[in-house]
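Visitor: Take this structure, written in structure tokens, and hold onto it; I'll ask about it next.
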Amino acid sequence: MGILFFGTPDFALPSLKGLHDHHEDITEVVTQPDKTGGRGHRMIKPPVKSLAEELGIPCTQPSNIRSEEFISHARELAPEFVIVVAYGRTIPKEILDIPRRGCINLHASLLPKYRGAAPIQWAIRNGEKETGITTMLMDEGLDTGDILLQKPVPIEDSDTGKSLSERLSHPGAELLIETLTGVRENTIR
């Protein structure tokens, strides 16, 4: 009974590391398959896979998380929570129904604003002065579940998508741990 963690890019690294450092039982990491890229079209691991290997956490890279094989595997793990941080694919209902305590998503905006993909880029493009991070209980919709916690973060004039993503990822990891603690202690619903 631990955490099944879904994540792929650099944005998810502080959350995975933070959960590990907080002594959370991460039973497995799920990330996107390796892709070819760069000179020579070499296989490139997702950043989350590299960190999972470094931390000694089992990692799986299903090509289809909707397959009966993967869903059965996830059921066998019987996680307390599924945590999703920038996985890059919609999580199906069959996975959402597995964890005992729920599926929690860390999203890089102050929901309900900027639901869906690329919330950081949209906030910058639209000239926002503030964005933030949100933890939410996942449902079948796209970032439509119940909001658990939020933290505003100012957008600097010099911010790029990359710099803002980096500035959101660390407080996001802290908010995720605060959320897990609150859900377990029944201080957040």
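Visitor: Please work out which one of (1) surrounded by 15 or more Cβ atoms within 10 Å (Cβ to Cβ); (2) touching a Leu at 6+ places or on another chain (Cβ under 6 Å) is the condition E128 fails and give its number.
Guide: Result: E128 passes all but (2).
Visitor: Taking the residues in the stretch 1-51 that are basic (K, R) and within 25 Å of I120 (Cβ to Cβ) as candidates, determine which candidate is farthest from the chain's Cα centre (by Cα). Explain how you work it out, then say what you get.
Guide: The initial filter retains those residues of the stretch 1-51 that are basic (K, R), namely 17, 35, 39, 42, 45, 49.
Adding the requirement that they be within 25 Å of I120 (Cβ to Cβ) leaves 17, 35, 45, 49.
Values: K17: 12, K35: 20, K45: 17, K49: 13 Å.
Going through the qualifying residues, I end up with K35.
Visitor: I would also like to ask the following. Is it true that some residue in the stretch 38-45 is touching a Gly at 6+ places or on another chain (Cβ under 9 Å) and under 19 Å from H107 (Cβ atoms)? Explain how you work it out, then say what you get.
Guide: So the first thing to find is which residues in the stretch 38-45 are touching a Gly at 6+ places or on another chain (Cβ under 9 Å), and the list is 43-44.
Filter again for under 19 Å from H107 (Cβ atoms), leaving none.
No, the stretch 38-45 contains no residue that is touching a Gly at 6+ places or on another chain (Cβ under 9 Å) and under 19 Å from H107 (Cβ atoms).
Visitor: Show the residue pairs that are 6+ apart or on different chains and have beta-carbon atoms under 8 Å apart, the first residue being within the stretch 103-115 and assigned to a loop (DSSP other than H, G, I, E, B), the second being charged (D, E, K, R) and surrounded by fewer than 23 Cβ atoms within 10 Å (Cβ to Cβ).
Guide: S109/R115; L110/E130; L111/D143; P112/D143; R115/D143
Visitor: When you go through (1) closer than 14 Å to F5 by Cα; (2) of a type outside the set (S, T, Y); (3) surrounded by fewer than 18 Cβ atoms within 10 Å (Cβ to Cβ); (4) touching a residue at least 60 places away in the same chain (Cβ under 8 Å) one by one for P62, which number turns out not to apply?
Guide: P62 satisfies all of (1) closer than 14 Å to F5 by Cα; (2) of a type outside the set (S, T, Y); (3) surrounded by fewer than 18 Cβ atoms within 10 Å (Cβ to Cβ); (4) touching a residue at least 60 places away in the same chain (Cβ under 8 Å) except (4).
Visitor: With the requirement that a residue be buried (at least 19 other Cβ atoms within 10 Å of the Cβ) and either of a type in the set (D, E) or at pLDDT 95 or above (or both), what does the stretch 138-152 give you?
Guide: Quick first cut of the stretch 138-152, residues buried (at least 19 other Cβ atoms within 10 Å of the Cβ) only: 138, 143, 145, 148.
If the condition is that a residue be buried (at least 19 other Cβ atoms within 10 Å of the Cβ) and either of a type in the set (D, E) or at pLDDT 95 or above (or both), then M138, D143, L148 are the ones that fit.
Visitor: Would you check which residues across the stretch 12-30 are free of Cβ contacts under 8 Å to residues at least 40 places away in the same chain and more than 25 Å from S63 (Cα to Cα) and list them?
Guide: H20, D21, H23
Visitor: Now for a different question. Looking at E94, is it of a type in the set (D, E) and in a helix (DSSP H, G or I)?
Guide: Numbers: of a type in the set (D, E): yes; in a helix (DSSP H, G or I): yes.
Considered against the rule, which asks whether it is of a type in the set (D, E) and in a helix (DSSP H, G or I), E94 comes out as yes.
Visitor: Sort out which residues of the stretch 36-59 are assigned to a helix (DSSP H, G or I) and surrounded by 12 or more Cβ atoms within 10 Å (Cβ to Cβ), and write them in order of number.
Guide: Filtering the stretch 36-59 for residues assigned to a helix (DSSP H, G or I) gives 39-41, 47-55.
Residues satisfying the conditions are P47, V48, K49, S50, L51, A52, E53, L55.
Visitor: Quick check on my filter: what residues within the stretch 145-170 are over 15 Å from the mean Cα position of the chain (by Cα), closer than 30 Å to D97 by Cβ and not in a strand (DSSP E or B)?
Guide: The answer is D146, and nothing else.
Visitor: How do the pairs read when you match residues in the stretch 149-173 that are under 21 Å from T135 (Cα atoms) and in contact (Cβ under 8 Å) with a residue 24 or more places away in the chain with residues anywhere that are in a helix (DSSP H, G or I) and among the polar types (S, T, N, Q), using Cβ under 9 Å and keeping only pairs 6 or more apart or on different chains?
Guide: L149/T179; G161/Q121; L164/Q121; S169/S15; G172/S15; A173/S15
Visitor: May I pose another question? Do you know which of the residues in the stretch 66-97 that are β-branched (V, I, T) and either touching a Phe, Trp or Tyr at 6+ places or on another chain (Cβ under 6 Å) or free of Cβ contacts under 8 Å to residues at least 40 places away in the same chain (or both) is surrounded by the most Cβ atoms within 10 Å (Cβ to Cβ)? Give the derivation first.
Guide: First, the residues of the stretch 66-97 that are β-branched (V, I, T): 71, 82-85, 90-91, 95.
Then keep just the ones that are either touching a Phe, Trp or Tyr at 6+ places or on another chain (Cβ under 6 Å) or free of Cβ contacts under 8 Å to residues at least 40 places away in the same chain (or both); that gives 71, 83-84, 95.
Numbers: I71: 18, I83: 29, V84: 26, I95: 23.
Checked the stretch 66-97; the qualifying residue surrounded by the most Cβ atoms within 10 Å (Cβ to Cβ) is I83.
Visitor: Restricting to the stretch 21-35, name every residue that is under 17 Å from L176 (Cβ atoms), loosely packed, with under 15 Cβ neighbours inside 10 Å and not charged (D, E, K, R).
Guide: H22, H23
The values are calculated or read from the model by the stated rules, or taken from the named source; none is laboratory data. Every value quoted in this text rests on a predicted model; they were computed, and no experiment measured them. With ideal geometry, Cβ positions are generated from the backbone for all residues, glycine too; neighbour counts draw on all protein chains shown.
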